[in-house]
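Some notes on the structure that comes next.
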There are 2 protein chains.
Amino acid sequence: MRIGIDIGGTKTAAVAMDTDGRLSEQVRQPTGFGDADVIATAVDVAQQVTALSGRSLADVSSIGIGIPGAVDSVTGRVSHAVNLGVHDLRLGAAISERLGVSVRVENDVKAAAMGAHHLLAETGMANGFESMAYLNLGTGLAAGIVLGGRLLRGGHGVAGEVGHIPIDPNGALCSCGQVGCVETIASGSAIARMWPTDAALPAVDLFEAAGAGDPIAIDVQSRFFEGVAAAVRILVLAADVDVVVIGGGLSALGTPLLDGVCASLTAGARVSPFLSSLDIAGRVRVLPLGFPAAAVGAALTGVDNG
Amino acid sequence: MRIGIDIGGTKTAAVAMDTDGRLSEQVRQPTGFGDADVIATAVDVAQQVTALSGRSLADVSSIGIGIPGAVDSVTGRVSHAVNLGVHDLRLGAAISERLGVSVRVENDVKAAAMGAHHLLAETGMANGFESMAYLNLGTGLAAGIVLGGRLLRGGHGVAGEVGHIPIDPNGALCSCGQVGCVETIASGSAIARMWPTDAALPAVDLFEAAGAGDPIAIDVQSRFFEGVAAAVRILVLAADVDVVVIGGGLSALGTPLLDGVCASLTAGARVSPFLSSLDIAGRVRVLPLGFPAAAVGAALTGVDNG
C-alpha cells in the first residue's frame, strides 16, 4: 500500500492507494502552522489513513507528499512555503524518521499534475493522449506538464510556471514583481482584487452575481475567463499538450468555469484561422469535484522516483 | 553518408554528413518557386553535395529535408509553404522517387532546433544540459523544443509556436488574426513595420541607426529586444529549458542582439526575485554565423526517424 499526502494552506489530505493504483481510503484535517505542526499533521493523517485501511505502517511501501513552495524532490527539502509558516524544512527526512517509511516530497502542483494524469488514465480518457497540462487555479496560477506519462521538471524545476508570463503591459502589479502576469487576471487573488467583497468565497460570489445579471460582475468574470484562456493557449502553443485539465480551488466552479473559458477560446479562434485549426477549446477539461489530485499524484511520486 | 537539405524562401542549402555526425561538404543555391522548381532545386543540391563529397547516391543512406510550412513528418507532405509557392506537395515521395534514397521531411524550425542541439553536443556545450529551445528569429518567430535529445512534437505539431502568444492587448494586428502576438514585436516583419526604411536589410539598418545614437531607432530596437526577451522568458517559464539558442536570419545581428536581449532580461529580473532566481539571461546563446542548423538537423531527422 502507498500513501499520498497533500499538505495545503488550510487542510491536509491523505489517500491510501492499493498496489493496483486504486484509492482505498481518504482522510483530511486542518493543517497546522509552522514546521512542527505541519509535520505533526502529516504524521497524523498518514497514521489515520493506514488505520482506516485496516493495515499497519509496515504495510506501507512509500509515502509521497505534495506541498506548496520550492521543493527539492531529491533531498525532500521544502522552502518558501510561506502560507504554512515553513521557510526551510527537511520535511522528507522528518516524516520518514517518525514513521519508518521512505518518503518523497514534491511540489503540490506537480503532484496534482501526476494525479490528474492518473485519473485520465484510470478512466480511459488518456487513451490517445500523449501529453497533458494540469492548470492549477488557486490563490495563484501554476501548471504542471506531463509528457508521455512523465512529469516535465525542467532544469530549475519551474516548467509550467506560466502564471508569471506577462500578457498586459498595463496590467496589475504581480506578487512576483512583474506587471500584468497571467496570475494577475486568472487566479483567486486576481478575483479578490477585481471583485472586492466580504463573501467568504469571492469567486463563488462573483459567479453568482454574474449569473444574476450584474453588469460589473459579468465584466470581471469575462476578464477572468480571458485570463484562464490565455494560460491554456500558452500551454498549448508552448508545449502542444493534447489536454489541459483545470484543477485547484477555483475548479470547484465547475461547468460555468469550463463553459466560460471555452467560450473565450472559441471567440479567440474565430479571428484566427491558425488558432482555429488547433481546436484549443476542445482540449480543456475540469477536474471532477473532490478528486484529491495532489494526494493521488504524491502517492505515485513515492513510487515513480524510488 | 547522410544528406540534409534546408529549403528556404530565398536559398536552398545542403550538407553532407559523415556517419560520425561531422559535416563534410556544404552547398547552397537560390530556391526555385512552385512545386516543380522546389523539387528540382532540392534534387540538384543533393546531387552536388554528393559529388563534392566524392561519393555517389548509392552511398547516401538518407536524405532529410527542412522546409517552412505545415509538414506531416510521417507522410512527407508539405502544405502552406506560401513563400515557396507550395500549397500541397508530397515532397518526400517526389525527391525519393527522383534520387532512389529514403527521404524524411520536417518543418524547418524543428529541423534547425535539432541542428542547434547537435552543435551544442558536438562542441561540448550540451554537457549538463537536459533541454534546449531553439528560437528562430526570421520574418516570423517560432521555436523548437528539444528535451533529452528528442524533439518535442506535441499533439498537433505546434509545440514551440510561442510567436503567436499575445502579450499586449494594445499591440499590432498579427498575421495570425490575433492582436499583440510576440511575433508582432520580435521578428523581421515587426522590425520592418516599426522601422520603415528602403534599406535591403531593415534590421541591420535599425541596429546601425541605434548604434549611431538615433533616439527613435534606440526606442524601436529596445522594443524589439523586449519582445525577444519575452519569447525567451515564455520558453523558460513554460518548459524550463536549460538553454535558449537564438537562430534564424536575425541571429546574424550577433553580439549586439545577444547583449540587448540579455540586458532586457536582466532589467526584468531586477524587479522580480522570482525571475532573478532563474538566471534566464545566463541561458541565452546565439547560433554562430553561417552554421547551417536546419540542414544539419534535417540530416539527423533522416536518421532519427528511420
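The values are calculated or read from the model by the stated rules, or taken from the named source; none is laboratory data. Fair warning: this is a prediction, and the values are worked out from it, not measured in the lab. Cβ: placed from backbone, ideal geometry, glycine included. Neighbour counts: every protein chain shown.
If you go through region A:183-208 and keep only what is hydrophobic (A, V, I, L, M, F, W, C) and in contact with a strand residue (DSSP E or B) (Cβ under 6 Å, 6 or more places away or on another chain), you end up with just A:Ala186. For region A:251-275, the tally of residues that are within 14 Å of chain B (Cβ to nearest Cβ) and without any contact (Cβ under 8 Å) to a residue 40 or more places away in the chain stands at 10. Note on region B:193-209: residues that are buried (at least 19 other Cβ atoms within 10 Å of the Cβ) and either over 13 Å from B:Leu253 (Cα atoms) or in contact (Cβ under 8 Å) with a residue 40 or more places away in the chain (or both) total 5.
Each row is one residue, and each column tells you yes or no for (1) closer than 18 Å to A:Leu300 by Cβ; (2) buried (at least 24 other Cβ atoms within 10 Å of the Cβ).
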{"position": "A:Ala14", "(1), (2)": "yes, yes"}
{"position": "A:Val38", "(1), (2)": "no, yes"}
{"position": "A:Val45", "(1), (2)": "yes, yes"}
{"position": "A:Ser62", "(1), (2)": "yes, no"}
{"position": "A:Ile65", "(1), (2)": "yes, yes"}
{"position": "A:Asp72", "(1), (2)": "no, no"}
{"position": "A:Arg77", "(1), (2)": "no, no"}
{"position": "A:Arg90", "(1), (2)": "no, no"}
{"position": "A:Leu99", "(1), (2)": "no, no"}
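Report whether or not A:Ala190 is buried (at least 17 other Cβ atoms within 10 Å of the Cβ), away from chain B (no Cβ under 14 Å) and more than 22 Å from the chain's Cα centre (by Cα). No, not satisfied. Determine whether region B:7-23 contains at least one residue that is of a type in the set (D, E, K, R) and over 21 Å from B:Gly115 (Cα atoms). No, because not a single residue in region B:7-23 is of a type in the set (D, E, K, R) and over 21 Å from B:Gly115 (Cα atoms). Of the listed requirements (1) closer than 18 Å to A:Val228 by Cα; (2) among the β-branched types (Val, Ile, Thr); (3) at pLDDT below 95, A:Thr301 misses just one: (1). For region A:1-51, the strands (runs of 3 or more DSSP E) that sit wholly inside it and include 2 or more residues that are at pLDDT below 95 and of a type in the set (S, T, N, Q) are A:23-30.
Yes or no, residue by residue, for (1) at pLDDT below 95; (2) within 12 Å of chain A (Cβ to nearest Cβ); (3) within 19 Å of the chain's Cα centre (by Cα):
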site	(1), (2), (3)
B:Gln221	no, no, no
B:Gly227	no, yes, yes
B:Ala230	no, yes, yes
B:Ser277	yes, yes, no
B:Ala281	no, no, no
B:Val284	no, no, yes
B:Leu287	yes, no, yes
